[in-house]
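The next block holds one structure in the form of structure tokens; read it before the comments.
Only the coordinates and a few stated rules stand behind these numbers; no lab work does. Just so it is clear, the model here is predicted, and its values are computed rather than measured. Reconstructed Cβ throughout: ideal geometry from the backbone, glycine too, with neighbour counts over all protein chains shown.
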Amino acid sequence: MSARLGFDYELQLLKDNLAEMGHLIQNAIDKCMYAFKSQDETLAKEIIAGDRDINDIEKTIEARCLSLILKQQPVARDLRIVTTALKVVTDMERIGDQAADIAELILREKRDEIYNLTEHIPEMAKETKLMVGDAVEAFINVDIEKAQEIKLRDDVVDD
């Protein structure tokens, strides 16, 4: 296998790993909102346990990125893709952590009215889930316009 084919193969695996991580995070957000609304402690525990899977895939992606840099010594566009993946994976992992943090609150608070006190969270979760999917898609397709549009949508979640 030529060096370029090897790089392309590894790059595709990296993109596949990022897509898998995105799906895990989107599922965690969905489960989190259901558990939050229903105060489902079993599901909350499942979300917390699932955060380990997200952390594990983060480490896999980081290792793949570092391996690509060390073994393939990418330049220009290829280097930007790999270094962007390193940045994106950290941000995505934090989203998974936040879902787990909300799940821990569900276990600690055990109040039926907590959902009503924080009615803005479901809308934030919905937008975050969409942004994660769109961000992964933008990365995989190297869609700069879509990435910039997602950046503008970030204010909806932050406000």
- Query: Pick from Ala19, Ala35, Ala28, Ala103: which is touching a Leu at 6+ places or on another chain (Cβ under 6 Å), in contact (Cβ under 8 Å) with a residue 60 or more places away in the chain and within 22 Å of Lys129 (Cα to Cα)?
  - Reply: Ala35
- Go through (1) over 23 Å from Ile102 (Cβ atoms); (2) out of contact with any Phe, Trp or Tyr (no Cβ under 6 Å at 6 or more places or on another chain); (3) touching a residue at least 12 places away in the same chain (Cβ under 8 Å) one by one and return the number of the condition Gln72 breaks. (2)
- Within the range 1-47, residues among the β-branched types (Val, Ile, Thr) and surrounded by 14 or more Cβ atoms within 10 Å (Cβ to Cβ) come out as Ile25, Ile29, Ile47
- Item | helices (runs of 4 or more DSSP H) wholly inside the range 28-139 that include at least 1 residues being β-branched (Val, Ile, Thr) and either closer than 25 Å to Leu5 by Cβ or in contact with a Gly (Cβ under 6 Å, 6 or more places away or on another chain) (or both) | 41-67, 76-109
- Query: With (1) out of contact with any Pro (no Cβ under 9 Å at 6 or more places or on another chain); (2) touching a residue at least 60 places away in the same chain (Cβ under 8 Å); (3) under 25 Å from Glu119 (Cα atoms) as the list, and Glu10 as the residue in question, which single condition is left unmet?
  - Reply: (3)
